[in-house]
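Step one of this worksheet: look at the structure below.
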Amino acid sequence: MPHLKDKVQICLFIVMGLAVSTPMASAEKRLPQSQREIQLSYAPLVKRAAPAVVNIYTKRVVQSRRSPFFNDPFFRQFFGDDVSRFGAPRKRVENSLGSGVIVRPEGIVVTNNHVIKKADRITVVLSDRREFAAKVILADEKTDIAILRLQDFAGKLPYLRLRDSDDLEVGDLVLAIGNPFGVGQTVTGGIVSALARAADGISDFSFFIQTDAAINPGNSGGALITMDGRLVGINTAIYSRSGGSQGIGFAIPANMVGRIIDNAIHGAKIVRPWLGAAGQSLTSDLMSSLGLSRPSGVLINEIYEGGPAAKAGLKPGDVILRINNREVIGPRELRFRIATLKVGGKARLTRVRRGKEKTVSLSLQAPPEKPPRQVTTLKGQQPLAGATVANMSPALAEELSLDPMRRGVIVVGTERRSPAQRIGLRPGDWILEINGTKVDLVSTLRGLVENRPAQWRITVQRKDRVFTAVIEG
């Protein structure tokens, strides 16, 4: 799913909210206390929450590339090596806009990562028109969340408090606050249309709140709030054929946002717990064979030896039903639930084995660096020269958003115009075999490369495709 700044059918946006710490409304203006009062006005709620929602403007200096024509030896034969007289690369300034939410009175702001990505300058404008420069203190592409700190401001700022997004129900009333199309702060209303909604292409964790509140380009990073004035999500994306709102908007749940905020405030690197197991969704046939009443849960089919799942006593064939009493419908929900928890803690995991349900304690551990990645750039006169490779481990798999159960040697980079690049190697390729010898570690690969055979038969896997190339030494 593309970002808002792309001129495509599907646009990205943001929502982030917390309860504002501004004074309560006057006596004659109060929060609605009944369904009838809700129908009259959202004004008291908006007055409390809106000051914590900000506009974000970014600038990025882009240098256009010189035409490859100037590097052509034929061209240089006639005009020499000094091509500066034909014009230096031009610079241009790209401007973009989005929204954000103040979540701490000390000037901590949440927005979408795609709003501030690659920005050279970030300006945050408050609802009272005050402007502040902002610095990125943490950016997480996996969740599309970025945390900013405002610079050179005095006093305390209005802010929103987070609400437990797991308490939401379909049908709950919500408001979206942001800066659509740069027209200024705008409030729209709607309901929670769905929970745990999948929307691929936005972030690694495809688990969103769906709302019909109108969200448009520029709303990215803005707040989705409930009727108690708390942030329940960050407006991030819409499905649209026109580029504007068509009643299907997506917000990142506040529970995921809160984890990123905590990491940013404490200056910690983002490290998410891992399960140490792989599983699949349940089909109707599997449900019947396992004696379950409905196809909900994750069927475990692989356990990482010595990992958290193994230590908790899980075995292949077990079905995970709940994490901390929250239902797990499939692998996507399981991954999201674990990612919102803190490394070093414990979780209650409920599983079924042979028809018997049991709750066990799961230790929340960081994915291990095992085996050590041994990042190596291959050298020499051979076809793989210029390829940077590493041993796959659960820790590296988490960084690269790959299967944490996978083992082997993966290409993480290639040098420009190197032999490895010329034969077509790309980052993400797995080197499986060389001349029939399995490549399980970087040390194995280095030994095979140093032999310098007369002919190379290299087997590589790229996503789901495996192919072999024969290259003369």
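The values are calculated or read from the model by the stated rules, or taken from the named source; none is laboratory data. Only a predicted model underlies this, so the values are computations on that prediction, with no experimental measurement involved. Cβ placement follows ideal geometry from the backbone for every residue including glycine, while neighbour counts extend to all protein chains displayed.
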Taking region 339-376 on its own, how many of its residues are of a type in the set (Lys, Arg) and under 17 Å from GLY306 (Cβ atoms)? 1
Any idea which of THR414, THR459, THR437 is of a type in the set (S, T, N, Q) and in contact with a Gly (Cβ under 8 Å, 6 or more places away or on another chain)? THR414
Selection status of GLU369, farther than 27 Å from VAL412 by Cα, of a type in the set (Asp, Glu) and either at pLDDT below 95 or outside the structural domain of SER418 (by TED's automatic domain parsing) (or both): no
Options SER288, SER296; residue that is over 20 Å from ALA397 (Cβ atoms) and in a loop (DSSP other than H, G, I, E, B): SER296
Hey, can you tell me all the residues within region 299-347 that are in a strand (DSSP E or B), closer than 23 Å to MET287 by Cβ and of a type in the set (D, E, K, R)? GLU302, ARG322, ARG326, GLU327
Unique residue being under 21 Å from LEU334 (Cα atoms), surrounded by fewer than 24 Cβ atoms within 10 Å (Cβ to Cβ), of a type in the set (A, V, I, L, M) and free of Cβ contacts under 8 Å to residues at least 60 places away in the same chain when the list is VAL170, VAL183: VAL170
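Residues are listed down the side, and each one gets a yes or a no for (1) under 30 Å from ARG197 (Cα atoms); (2) touching a Gly at 6+ places or on another chain (Cβ under 7 Å); (3) at pLDDT 90 or above; (4) not assigned by TED's automatic domain parsing to the domain that holds VAL232:
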{"position": "VAL62", "(1), (2), (3), (4)": "no, no, no, no"}
{"position": "PRO73", "(1), (2), (3), (4)": "no, no, no, no"}
{"position": "ASP81", "(1), (2), (3), (4)": "no, no, no, no"}
{"position": "SER96", "(1), (2), (3), (4)": "yes, no, no, no"}
{"position": "ARG104", "(1), (2), (3), (4)": "yes, no, yes, no"}
{"position": "ILE108", "(1), (2), (3), (4)": "yes, no, yes, no"}
{"position": "ASN113", "(1), (2), (3), (4)": "yes, no, yes, no"}
{"position": "VAL124", "(1), (2), (3), (4)": "no, yes, yes, no"}
{"position": "LYS156", "(1), (2), (3), (4)": "no, no, no, no"}
Against the condition closer than 23 Å to ILE252 by Cβ and among the hydrophobic types (A, V, I, L, M, F, W, C), how does ALA133 come out, does it pass? no
Could you please find all residues in region 140-157 being surrounded by fewer than 22 Cβ atoms within 10 Å (Cβ to Cβ), closer than 21 Å to ASN55 by Cβ and not aliphatic (A, V, I, L, M)? ARG149, GLN151, ASP152, PHE153, GLY155, LYS156
